[in-house]
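Undergrad: There's a structure below that I have some questions on.
The values are calculated or read from the model by the stated rules, or taken from the named source; none is laboratory data. Given the structure is predicted, the values throughout are model-derived calculations rather than measurements. Note: ideal-geometry Cβ built from the backbone for every residue, glycine included; neighbour counts use all protein chains shown. We work out accessible area using only protein heavy atoms, side chains counted, and drop any ligands, DNA or RNA first. Shrake-Rupley method; radii C 1.70, N 1.55, O 1.52, S 1.80 Å.
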Amino acid sequence: MLPIGELDQSYEKGLSVLSTGEINVIRRGCSELDNSGLTAFTLAAVHRVLPVYQVYTEMNKTVRGHGPAHDALVAIARLLRRKGGLTPEKVKPVVDAALAGLESDLSKINRRAEPNLPEAVAVEVITAVTAALNGWKTSSFDERFQAAMSALEVDSLWAEETAGEVVPWERLTTQFQQQVRDLDELRSVDSATAADIYRTVSYRAEREGLPYLYGMEELAQRTH
């Protein structure tokens, strides 16, 4: 297991930032995974918050990158599990198309005069997905670690902006613990269990994205 006991004991429910100790737990866990395991971890981390981007796309019809981004994440996940006869050469154009869409959407959002909370968290998700896809292309540890951190930053921003409300957003602790759990499971992967564990981690992350879907839909109703 990762050394949860070493976490900063001052971390409490509702706090909107991670401690240095907690960040180092994720970094150390990432460093202990092989290339495929790190990719699987990163895909799960960004897929968990991807519904934020989905709902933002529904709110703003000029933003169109969610579909290609989702397709790219799924293609990489299927490649990891050796499904559908996929090869890196077949997946790369899908990833490149997604990256182009992400860059375009980020540019459109950044041109808005007065960004609000939905835009702020959407930008963080776009940043996370971009880092995950670039990290897969280049096998970059730093890019993939940053993708996981950007996914956590979604909750940090959300918590800061809703602090003091009747129902503040308090999911940073939950998402951090989900990432730690995924790291623990992926560290135990071997050639016989890899496909099953990658599938479990991937599908579970999609289910864990539901609070972000519902939360973002509520934000959309409040800001429009």
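Undergrad: Let's see if you can work this out: charge +1 on each Lys and Arg Cβ, -1 on each Asp and Glu Cβ, no other charges. What is the dipole magnitude of the chain about its Cα centre, in debye to the nearest 20?
TA: The dipole magnitude comes to about 900 debye.
Undergrad: Whole-Hz ³J(HN,Hα) for each residue in region 195-210, computed from phi via Karplus 6.51 cos²θ - 1.76 cosθ + 1.60 with θ = phi - 60°, x for glycine and proline: what do you get?
TA: 4, 5, 5, 4, 5, 4, 5, 5, 5, 5, 4, 4, 5, 6, x, 4
Undergrad: Given that compact globular proteins tend to follow 2.2 N^0.38 Å, what is the ratio of the alpha-carbon Rg of region 162-221 to that value?
TA: 1.47
Undergrad: How much of GLU208 can a 1.4 Å solvent probe reach, expressed as accessible area in Å² and rounded to 10?
TA: It works out to around 30 Å².
Undergrad: Next question. Can you list the HN-Hα couplings for region 146-162, worked out from phi with the Karplus curve (6.51, -1.76, 1.60; θ = phi - 60°), rounded to whole Hz and with x for Gly and Pro?
TA: Here the 3J(HN,Hα) series is 5, 4, 5, 5, 5, 4, 5, 5, 3, 5, 4, 4, 4, 5, 4, 6, 10 Hz.
Undergrad: Let me ask something else. For region 95-224, just say rounded, prolate or oblate: build the C-alpha gyration tensor, square-root its eigenvalues into a ≥ b ≥ c, call rounded for a/c under 1.5, and beyond that prolate if a/b exceeds b/c, oblate if not.
TA: oblate
Undergrad: Taking a spot 7 Å from the Cα of GLU217 along the direction of its beta carbon, which residues of region 97-132 have an amide N less than 20 Å from it?
TA: Counting backbone N atoms under 20 Å from the label point, the list is 117-119, 121-122.
Undergrad: Can you work out ³J(HN,Hα) from phi for every residue in region 88-93, in order, using Karplus 6.51 cos²θ - 1.76 cosθ + 1.60 and θ = phi - 60°, giving whole Hz and x for Gly and Pro?
TA: So the J values, rounded to whole Hz, are x, 5, 7, 7, 4, x.
Undergrad: For region 26-90, just say rounded, prolate or oblate: build the C-alpha gyration tensor, square-root its eigenvalues into a ≥ b ≥ c, call rounded for a/c under 1.5, and beyond that prolate if a/b exceeds b/c, oblate if not.
TA: It comes out oblate by the Cα gyration axes.
Undergrad: Also, I was wondering about something else. Cα-based Rg of the chain per 2.2 N^0.38 Å, rounded to two decimals?
TA: 0.99
Undergrad: How do TRP158, TRP169 rank by accessible surface area computed with a 1.4 Å probe, from largest to smallest?
TA: Solvent-accessible surface, decreasing: TRP169, TRP158.
Undergrad: Probe radius 1.4 Å, ligands and nucleic acids left out: which of TYR56, TYR214 has the largest accessible area, and how do the rest follow?
TA: TYR214, TYR56
Undergrad: Still on this structure, I have one more. When the chain is fully extended, how far beyond the present Cα-Cα distance does GLU165 get from SER139, taking 0.36 nm per residue of separation?
TA: Gain on stretching GLU165 to SER139: 5.2 nm.
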